[in-house]
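Novice: Below you will find the structure I want to go over with you.
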Amino acid sequence: MSKTQEKHIRVRIDSTNPGQFFACCGLLELADRLWGGAEAWFEPGAFITRPLADKNASPTDLCLGDLLNAIASASLHQVDPDDDTASPIILGTPFNLRLDWWADERAGGKRLKVWAGSMRCARIARAMQAVLQRPELQDEAMLDHAVIVYDTLVAEKKVEPFYFDARRGSNALSLDVGFSTDKLNLKTAAYPAVEFLCLVGLQRHRPMATTAPRVFEYYTWSVPMEARLAPSAVCGLLAQFGKRGFRFENAFRSDQRKHKAFTPATPFERS
């Protein structure tokens, strides 16, 4: 943890939304790679990130809009062209980050995968990534901005999200809604900043699994934390810096029990 700096980026967050929480982790990951070092912490209703004190980030580097433009314009490469569903993805220069946590059985990443069947991972990621360059997303309310997202190659074709955002997940079951939005071909809005940045954040920042099936816990922290330490803080291994925990389920959202969605989290305090 570094000395105090004045320049920082602030994003509004609902910490009980696991998609928003891990999107903030993704933002920290990418800022750290772009700036050559970053740290972050949580305040009530907000996530703050800034360069490390010993790094010389220019004023441009500290603008949320420029950070998001860099993310939106980075190349996104599907490693296995024959596997549209589960191929690893490479987010190119200046980030050079491989995303493949959904195939990780050893550290539990596979249990967090929400998409299945005909959902094409790279296609969804590209569509959500492209929206980040819109000016209306480039302020502290970026995680609350909902739009209908379209395919980057077929402009009139709507793209459904991964269902990381709990605002979608809590209303995903047809039984709860009263009808199937897919069968009626309704155009429903997604939260692209949450969906794309959460996909990034889960690569290194994983919640802690509980004894209950598909139920996980994550923790916020209130002091500046370097990016390299954040994964340990997220899963509760740095208890001295974070006692505020949140418990959520990666719940089935279809009768076929294939597709899942993150549900809203229940907060708790650990002693």
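Novice: Going by the alpha-carbon gyration tensor, a ≥ b ≥ c the square roots of its eigenvalues, is the range 1-157 rounded (a/c under 1.5) or, if a/c is not under 1.5, prolate (a/b greater than b/c) versus oblate?
Specialist: prolate
Novice: Report D for the range 72-133 in µm² per second (integer): Stokes-Einstein, Kirkwood Rh on Cα pairs, 10 °C, 1.306 mPa s.
Specialist: Translational diffusion coefficient: 130 µm²/s.
Novice: Whole-Hz ³J(HN,Hα) for each residue in the range 68-81, computed from phi via Karplus 6.51 cos²θ - 1.76 cosθ + 1.60 with θ = phi - 60°, x for glycine and proline: what do you get?
Specialist: Listing the rounded values in order: 5, 5, 5, 5, 5, 8, 5, 5, 10, 10, 7, 5, 9, x Hz.
Novice: Test of understanding: what is the full-extension gain from D139 to E156, defined as 0.36 nm times their sequence separation minus their Cα-Cα distance?
Specialist: Full-extension gain reported as 3.4 nm.
Novice: Determine ³J(HN,Hα), in whole Hz, for all residues of the range 27-44 in sequence, where each value follows from phi through the Karplus function 6.51 cos²θ - 1.76 cosθ + 1.60 and θ = phi - 60°; x replaces Gly and Pro.
Specialist: 5, 4, 4, 6, 4, 4, 6, 6, 8, x, x, 8, 9, 7, 7, 10, 10, x
Novice: Determine the dipole magnitude for the range 189-249: charges of +1 sit on the beta-carbon of Lys and Arg, -1 on that of Asp and Glu, nothing else is charged, the reference point is the Cα centre, and the result goes in debye to the nearest 20.
Specialist: 140 debye
Novice: How much length, in nm to one decimal, is gained on full extension between D83 and R10, taken as 0.36 nm per residue of separation minus their Cα-Cα distance?
Specialist: In short, 22.6 nm is gained.
Novice: As a test of the formula, what do you get for the chain when each DSSP H run with n ≥ 4 contributes -39,500 (n - 2.57) and the sum is divided by the residue count, at 222 nm and rounded to the nearest 500 deg cm²/dmol?
Specialist: After summing the helix terms and dividing by residue count, I get -6500 deg cm²/dmol.
Novice: Set the bar at 30 Å for Cα to Cα. Now go through K7/K157; K158/K243; K157/K260; K7/K260 and name every pair that lies beyond it.
Specialist: K7/K157; K158/K243; K7/K260
Bear in mind these aren't lab numbers, they're just calculated from the coordinates by the rules spelled out. Just so you know, these numbers come straight off a predicted model, no measurement behind them. Don't worry about glycine lacking a Cβ; one is built from the backbone with ideal geometry, like all the others, and counts go over all protein chains shown.
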